[in-house]
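The values are calculated or read from the model by the stated rules, or taken from the named source; none is laboratory data. Predicted, not measured: the structure shown is a model, and the values here were computed from it. Positions of Cβ are generated from backbone atoms using ideal geometry, with glycine treated the same way; all protein chains shown enter the neighbour counts. Note: accessible area is taken over every heavy atom of the protein model, side chains too, but ligands, DNA and RNA are not part of it. Shrake-Rupley method; radii C 1.70, N 1.55, O 1.52, S 1.80 Å.
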Amino acid sequence: MTTCRLCGAGDLASVVDLGATPPCERILTAAQLDEPEVTYPLHLRVCTACWLAQLPPLITPEETFTDYAYFSSYSTSWVEHARAFVAGLPLRPGAFVVEVASNDGYLLRHVVERGVRCLGIEPSVNVGEAARRAGVPTVTAFLTPETARAVVREHGRADHVVANNVYAHIPDVVGFTEGLRTLVADDGWVSIEVQHLLTLIERNQYDTIYHEHFQYYTVASAQRALASGGLTLVDVELLPTHGGSIRLWARPEGTPGQRVRDALALEKAAGLHDLSGYLGFAARVAKVRRDLLGFLVGAAEAGRTVVGYGAPGKGNTLLNHCGVRPDLLAYTVDRNPYKHGKFTPGARIPVFEPGRIAADRPDYVLVLPWNLRDELVGQLSYVHDWGGRLVFPIPELEVV
């Protein structure tokens with residue numbers, strides 16, 4: 001990578017280098033275990049001109065999202081988050097809502113329940129089909145300015161455009177933002193949820209760095225990105241989701257409010273509008289790695305069994321960066337049946353259905369989707385019935 005994808009500047013500073021790993025969503029079948037895996041550098045840099053943190057676009061969205069392993073509806077807490085969001089929208093009679101990267105209809109189904117016209121734009125064929133089966137109108141496409149114009153010609157402009165957990169997934173930031181602007185009415189709203197770089201840095205959430213996340217936003221860099229496509233950031237909410245996210249409220253015209261100014265001040269105080277806030281992050285990442293490996297090696301030498309819970313993308317970054325293999329983590333489980341009987345990329349940890357944990361009664365369960373901690377502590381409370389313990393690797397190793 002030689003230039004910033006947002007502003008074109010050539011001064012990109014290293015934040016953390018995680019080596020080379022396979023793309024985190026390329027889960028393997030048993031037949032693929034004897035085949036080679038392609039790995040790509042995973043090196044996060046930040047532009048010292050516009051402060052957009054970014055990875056080089058070594059893979060394309062088409063490679064990842066045409067057939068996708070992630071179904072949003074398998075997270076109970078995320079579905080509730082979407083329901084509460086839709087319940088709070090002031091949707092007038094005759095309103096039209098469009099969600100970009102609408103996945104399996106986890107959010108728009110609540111719009112359908114309110115009797116409001118809506119449309120999902122989802123590039124993944126398999127999850128888009130699941131949305132249609134659930135009664136959510138969905139087109140299979142990536143959002144581009146051309147796609148947006150086609151949607152507007154057929155359906156009209158939207159009063160509200162939602163783009164949750166997708167603004168990091170597109171290498172063409174400007175073109176995607178122009179697509180959002182095309183979709184929304186002149187007096188409409190665009191809402192975007194994306195992980196906050198502030199919490200990623202402060203809480204050592206480096207496992208959320210993976211190839212399908214092309215960029216990592218502060219409010220300041222998101223404000224610049226939105227402006228590149230003709231949208232103005234007018235409000236922002238700090239959310240607890242995904243370990244710390246920002247909900248950006250943008251319009252074709254408007255003025256940034258007090259919460260935008262407060263968030264910018266918070267980031268500036270943390271040093272994220274200059275290089276000072278990024279120094280030391282790589283050293284903290286190295287400590288997370290040493291602590292997790294030390295725990296797993298110690299457990300193995302003591303004859304203790306350790307299995308995983310969840311097979312998320314972030315877990316694959318963690319396992320591969322730490323060099324964890326089945327001798328240290330026997331297997332992991334996941335609620336998504338798409339992953340059962342398969343193997344995690346790189347580490348090649350087998351994935352089973354969740355009931356395997358109760359059957360095997362392991363000593364420790366390593367929780368890989370740590371961002372769902374509150375939800376999973378309740379779901380996994382039965383592990384304590386035989387004296388088992390939960391292990392959380394981020395922000396620092398904790399055995400519960």
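Within the stretch 370-382, the set of residues being buried (at least 19 other Cβ atoms within 10 Å of the Cβ) and touching a helix residue (DSSP H, G or I) at 6+ places or on another chain (Cβ under 7 Å) comprises ASN371, LEU372. Return the residues of the stretch 14-43 that are within 20 Å of ALA283 (Cα to Cα) and either among the polar types (S, T, N, Q) or free of Cβ contacts under 8 Å to residues at least 12 places away in the same chain (or both); say none if nothing qualifies. Listed by number, the residues that qualify are SER14, THR21. Only a single criterion out of (1) farther than 19 Å from LEU55 by Cα; (2) not in a loop (DSSP other than H, G, I, E, B); (3) not charged (D, E, K, R) is not satisfied by ALA222, namely (1).
Does the stretch 247-254 include one or more residues that are surrounded by 16 or more Cβ atoms within 10 Å (Cβ to Cβ) and touching a helix residue (DSSP H, G or I) at 6+ places or on another chain (Cβ under 6 Å)? Checked against the condition, which is being surrounded by 16 or more Cβ atoms within 10 Å (Cβ to Cβ) and touching a helix residue (DSSP H, G or I) at 6+ places or on another chain (Cβ under 6 Å), the stretch 247-254 yields at least one hit. Listed by position, the helices (runs of 4 or more DSSP H) enclosed by the stretch 288-400 that each have at least 1 residues that are touching a residue at least 60 places away in the same chain (Cβ under 8 Å) and of a type in the set (Ser, Thr, Tyr) are 313-322.
Scanning the stretch 15-31 finds no residues that are open to solvent by less than 30 Å² (accessible area, probe 1.4 Å), touching a Leu at 6+ places or on another chain (Cβ under 9 Å) and under 19 Å from SER228 (Cα atoms). When each of THR199, THR218, THR232 is tested for being within 29 Å of ASN320 (Cα to Cα) and open to solvent by 10 Å² or more (accessible area, probe 1.4 Å), the lone residue that passes is THR199. Pull out all pairs, ordered by first then second residue, where Cβ-Cβ is under 7 Å, the residues are six or more apart or on different chains, the first lies in the stretch 196-213 and is closer than 14 Å to PRO22 by Cα, and the second is among the hydroxyl-bearing types (Ser, Thr, Tyr) and open to solvent by less than 10 Å² (accessible area, probe 1.4 Å). Between residues of the stretch 196-213 that are closer than 14 Å to PRO22 by Cα and residues that are among the hydroxyl-bearing types (Ser, Thr, Tyr) and open to solvent by less than 10 Å² (accessible area, probe 1.4 Å), the close pairs are ASP207/THR317; ILE209/THR317; TYR210/THR317.
Condition test on GLU212, is it surrounded by fewer than 17 Cβ atoms within 10 Å (Cβ to Cβ) and over 19 Å from PRO393 (Cα atoms)? So GLU212 fails the test.
Candidates in the stretch 80-102 are the residues that are open to solvent by less than 20 Å² (accessible area, probe 1.4 Å), assigned to a helix (DSSP H, G or I) and touching a helix residue (DSSP H, G or I) at 6+ places or on another chain (Cβ under 7 Å); of these, the one that is modelled with the lowest pLDDT is ALA82. Inspect the stretch 110-123 for any residue being crowded, with 17+ Cβ neighbours inside 10 Å, touching a Phe, Trp or Tyr at 6+ places or on another chain (Cβ under 6 Å) and farther than 14 Å from ASP159 by Cα and give the result as yes or no. Yes, the stretch 110-123 has at least one match. In the stretch 117-144, the residues that are in contact (Cβ under 8 Å) with a residue 40 or more places away in the chain and of a type in the set (Ser, Thr, Tyr) form Cβ pairs under 7 Å with partners that are open to solvent by 30 Å² or more (accessible area, probe 1.4 Å) and not in a helix (DSSP H, G or I), at six or more places apart or across chains, as follows: SER124/THR66; SER124/ASP67.
The number of residues in the stretch 229-270 that are at pLDDT 95 or above and part of a helix (DSSP H, G or I) comes to 12.
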